[in-house]
Amino acid sequence: MSDASTARAIESLAATIGDKVYLDVAKWHLYLGDAKLHTPLAEKLYPLVAGDKVTESAVADILTSTSVAIGGGQKTVTLADLIPAAGKADLLEAIADYQRDL
């Protein structure tokens, strides 16, 4: 796959998850697209998707290893801590939908 087609695939995956998955902060829902976290997450998820190695555990590992700076960078929190269980299920569903549409 060429770099351009990989970039398009990552953009498409980012668009798929950007408006379906949200962070929950004090009962406020901030969608990954609005937080500008959809593309960095899609870049990390894409090798799993391209290799057909998407598992709940692999996605959880990526969420755990992805840090988000909060408070102007005073602290970092993982996406695993910010995305509620329902959002993680939505993420897995969005990835499955993306794979079906390939």
### Task
Residue by residue through the range 49-86, note down the ones that are surrounded by 11 or more Cβ atoms within 10 Å (Cβ to Cβ), touching a residue at least 24 places away in the same chain (Cβ under 8 Å) and out of contact with any strand residue (DSSP E or B) (no Cβ under 7 Å at 6 or more places or on another chain).
V49, A50, V54, E56, V59, A60
### Residues (outside any helix (DSSP H, G or I), free of Cβ contacts under 8 Å to residues at least 24 places away in the same chain and either open to solvent by less than 60 Å² (accessible area, probe 1.4 Å) or within 17 Å of A89 (Cβ to Cβ) (or both)) located in the range 1-34
D19, H29, Y31, L32, G33
### Message
Show me the helices (runs of 4 or more DSSP H) entirely contained within the range 37-93 in which 3 or more residues are more than 20 Å from I10 (Cα to Cα).
### Response
79-82
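Could you tell me whether L32 is in contact with a His (Cβ under 9 Å, 6 or more places away or on another chain) and closer than 29 Å to D3 by Cβ? Break it down stepwise before answering.
Details: in contact with a His (Cβ under 9 Å, 6 or more places away or on another chain): yes; closer than 29 Å to D3 by Cβ: yes.
Answer is yes for this residue.
The values are calculated or read from the model by the stated rules, or taken from the named source; none is laboratory data. In this text the structure is predicted, and so the values were computed from the model without any measurement. Every residue, glycine as well, gets a Cβ built from its backbone with ideal geometry; the counts of neighbours run over all protein chains shown. These accessible areas exclude ligands, DNA and RNA; they are computed on the full protein's heavy atoms, side chains included. Shrake-Rupley method; radii C 1.70, N 1.55, O 1.52, S 1.80 Å.
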